[in-house]
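To keep things clear, I will list the structure first and then write my remarks on it.
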Amino acid sequence: MARDGSGGQFEVPCHDEESGWFDSASSCYWRLLEPQPPADDPVWAGHTPGDGAVYNGQCPGQPLAGGFRWRQNPPPGAQGPDLEALAEEAVTKMRLLGADIGIAPKSGGLGTVGVPVWVWNGPSPRTTGPTSASATALGVTVTATATVRNVVWNFGNGTTVSCPHPGTPYSPAFGLTPPSTANGQCGFAGYTRVGDYTVAATTTWAVHWVGGGQQGDLTTVRNSQVPVRIGELQVVGQ
């Protein structure tokens with residue numbers, strides 16, 4: 001709401017292409033003056049460029065209240081909404097998940113010492129992407145799109161493998177061939193000791209956002225894990 005010269009109130013848009021963003025405290029629109037005035041301009045009021053900035057104010061219903069003003073800090077609302085905060089809000093709406101872990105040997109079953117372990121991330125918008133969401137404030141909408149950058153697999157025995165792809169589900173046709181990251185597969189040559197292990201997947205999501213005339217990038221991490229039990233090969237007749 002803006003105030004007129006008689007103290008009355010009336011509605012105004014939060015943003016105006018020419019005037020900038022509305023600040024309810026001063027009842028004025030404010031826009032950063034670009035370019036900034038020369039250092040010897042009286043509008044600096046004894047300050048120097050870099051010490052605060054000069055803004056142009058336009059006040060609906062109060063034509064004499066605006067004009068160029070030096071301010072140490074931006075007027076409230078003069079910079080519009082926090083675009084990065086809107087991007088984070090959009091990410092929250094996506095409800096991103098860690099890897100939907102597929103594993104051979106099967107989780108809950110029994111694997112064998114020396115047999116290759118294969119892992120993969122079940123594809124879906126919330127586990128591999130891409131997926132998008134938007135958030136809006138003060139008339140500005142930011143749209144963010146997330147895709148998985150990589151998954152780091154920790155096999156609980158000191159072995160870690162980073163995969164920039166979802167991986168390939170194991171097929172009996174692969175036999176005892178170890179998985180190859182270069183071939184779009186994830187895993188390792190196998191455990192050397194019997195025991196119970198936790199296979200943990202750390203998924204790094206890359207997020208690109210666009211809105212309010214700007215764009216940017218951020219990352220976020222999700223985790224998931226499954227247990228696996230490894231035993232020795234039993235030979236019939238021993």
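Only the coordinates and a few stated rules stand behind these numbers; no lab work does. Remember, predicted model here, so these are calculated numbers, not experimental data. Quick reminder, even Gly has a Cβ in these numbers, built from the backbone with ideal geometry, and neighbours come from all protein chains shown.
Radius of gyration over Kirkwood radius for region 2-71, both on Cα atoms: the Rg/Rh ratio is 1.03. Each Cα pair under 8 Å and six or more residues apart adds its separation to the average, and for region 2-71 the resulting relative contact order is 29 percent. The string of couplings for region 183-198 from the Karplus curve (6.51, -1.76, 1.60, θ = phi - 60°) is 9, x, 10, 9, x, 8, 5, x, 6, 9, 9, 6, x, 9, 10, 10 Hz, one whole number per residue in order, with x for Gly and Pro. For region 214-228, backbone nitrogen atoms closer than 13 Å to the point 7 Å from D196 Cα along Cα-to-C-beta are found at 227-228. By the equivalent-ellipsoid construction on the alpha carbon gyration tensor, region 70-215 comes out with semi-axes of 43, 14, 12 Å, ordered largest to smallest.
For the chain, the longest principal axis of the alpha carbon atoms and the long axis of helix 83-94 meet at an angle near 40°. Placing a label point 7 Å from the Cα of D217 along the Cα-to-Cβ direction, the residues of region 164-186 whose backbone N falls under 20 Å of that point are 164-166.
Taking 0.36 nm per residue of sequence separation and removing the Cα-Cα distance, the R126/C14 pair yields an extension gain of 36.9 nm.
Distance between the pseudo-spin-label points of L110 and S162 (7 Å out from Cα toward the beta carbon): 3.7 nm. Put simply, the amide H of A133, placed in the peptide plane, has neighbours under 5 Å in A144, leaving out anything fewer than 5 places away on its chain. For the chain, the mean residue ellipticity at 222 nm estimated from helices alone is -1500 deg cm²/dmol, where every DSSP H run of n ≥ 4 contributes -39500 (n - 2.57) and the total is divided by all residues, rounded to the nearest 500. Which one, A53, A144, A173, has the greatest fluctuation when you compute a Gaussian network model over the chain with C-alpha springs under 10 angstrom? Judging by the Gaussian network model, the answer is A173.
On the beta carbon distance between D82 and V43, with R0 = 30 Å, the FRET formula returns roughly 0.60. Taking amide H atoms as placed 1.01 Å from N in the peptide plane, the amide H of T168 lies under 5 Å from those of C186, each 5 or more residues away in sequence or on another chain.
Once you reduce region 19-89 and region 188-234 to the center of their Cα atoms, the two points are 46 Å from each other.
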